[in-house]
1. State all residues of segment 92-112 that are under 14 Å from the mean Cα position of the chain (by Cα) and farther than 16 Å from Thr64 by Cβ; if no residue qualifies, say none.
2. Looking at segment 29-40, which of its residues are touching a residue at least 24 places away in the same chain (Cβ under 8 Å) and surrounded by fewer than 19 Cβ atoms within 10 Å (Cβ to Cβ)?
3. Which residues, counting only those in segment 77-96, are out of contact with any strand residue (DSSP E or B) (no Cβ under 9 Å at 6 or more places or on another chain), under 17 Å from Met136 (Cβ atoms) and among the hydrophobic types (A, V, I, L, M, F, W, C)?
4. Scan segment 41-61 for residues that are assigned to a strand (DSSP E or B) and either open to solvent by 30 Å² or more (accessible area, probe 1.4 Å) or of a type in the set (Phe, Trp, Tyr) (or both) and report the count.
5. Considering segment 34-50 alone, what residues qualify as being under 20 Å from Ala61 (Cα atoms) and out of contact with any Ser or Thr (no Cβ under 9 Å at 6 or more places or on another chain)?
6. Could you check segment 62-92 and list, in sequence order, the residues that are of a type in the set (Gly, Ala, Ser), open to solvent by 30 Å² or more (accessible area, probe 1.4 Å) and over 13 Å from Leu109 (Cβ atoms)?
7. Are any of the residues in segment 90-105 touching a Pro at 6+ places or on another chain (Cβ under 6 Å), basic (Lys, Arg) and touching a residue at least 12 places away in the same chain (Cβ under 8 Å)?
8. Test of understanding: among Lys14, Lys51, which residue is of a type in the set (Lys, Arg), farther than 21 Å from Ala135 by Cβ and at pLDDT below 95?
Amino acid sequence: ALCIAPPSGSCEGKEEDKLTIQRDFVIEDNGRLTAYHGPGGEVTIPEGVLKIGEGAFAGCAVLTGVTVPEGAEEIEKEAFLGCAGLRRVTLPVGLARIGKCAFKDCVSLEEIHFPKGLCQIGESAFAGCVRLKEAMLPEGP
């Protein structure tokens, strides 16, 4: 089964960005990943992605693990909403923001290690993650 994520966000107040298809990913020229159309499993997001867009992986039940690349700054709201099979997420140092409901209802997610430099975790970012047993915060300033 392939994951076909819904179109992300609205274009309200934004100019249309040029899109690039890189393997199973749709990436705007500004480095925002807007959709994933791959087979799931363990996924490594390509280098050069700065943001995981709203709803980019939403509902991808066959996604089991994801590695966000170095240089990524933000995971937008609902980016991984309802990814029921997602068990593992690797976040890079320097990731600054995790949006509202970003991992909501990822019922298989068991642990997450928050990177140094993370400034904001949105409301209900991990709501419904019933197997989440461990959330590791980075040490000191």
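1. First, pick out the residues of segment 92-112 that are under 14 Å from the mean Cα position of the chain (by Cα): 92, 95-106, 109, 112.
Hits for segment 92-112 are Pro92, Leu95, Ala96, Arg97, Ile98, Gly99, Lys100, Cys101, Ala102, Lys104.
2. Answer for segment 29-40, where residues must be touching a residue at least 24 places away in the same chain (Cβ under 8 Å) and surrounded by fewer than 19 Cβ atoms within 10 Å (Cβ to Cβ): His37, Gly38, Pro39.
3. Val93
4. Within segment 41-61, the subset assigned to a strand (DSSP E or B) is 41-44, 51-52.
Add one more test, that the residue is either open to solvent by 30 Å² or more (accessible area, probe 1.4 Å) or of a type in the set (Phe, Trp, Tyr) (or both), and what stays is 42, 44, 51.
Residues that pass the stated criteria total 3.
5. Going residue by residue through segment 34-50, those that are under 20 Å from Ala61 (Cα atoms) are 34-45.
Within segment 34-50, Tyr36, His37, Gly38, Pro39 qualify.
6. Gly71
7. No, every residue in segment 90-105 fails to be touching a Pro at 6+ places or on another chain (Cβ under 6 Å), basic (Lys, Arg) and touching a residue at least 12 places away in the same chain (Cβ under 8 Å).
8. Numbers: Lys51 fails: at pLDDT below 95.
After applying the criteria, what remains is Lys14.
The values are calculated or read from the model by the stated rules, or taken from the named source; none is laboratory data. Treat the numbers as computed from the prediction; the structure is a model and nothing was measured. Because the Cβ atoms are built from the backbone with ideal geometry, glycine has one as well, and the counts that use them run over all protein chains shown. Ligands, DNA and RNA are stripped out before the accessible areas are found, and what is left, the full protein with its side chains, is counted by its heavy atoms. Shrake-Rupley method; radii C 1.70, N 1.55, O 1.52, S 1.80 Å.
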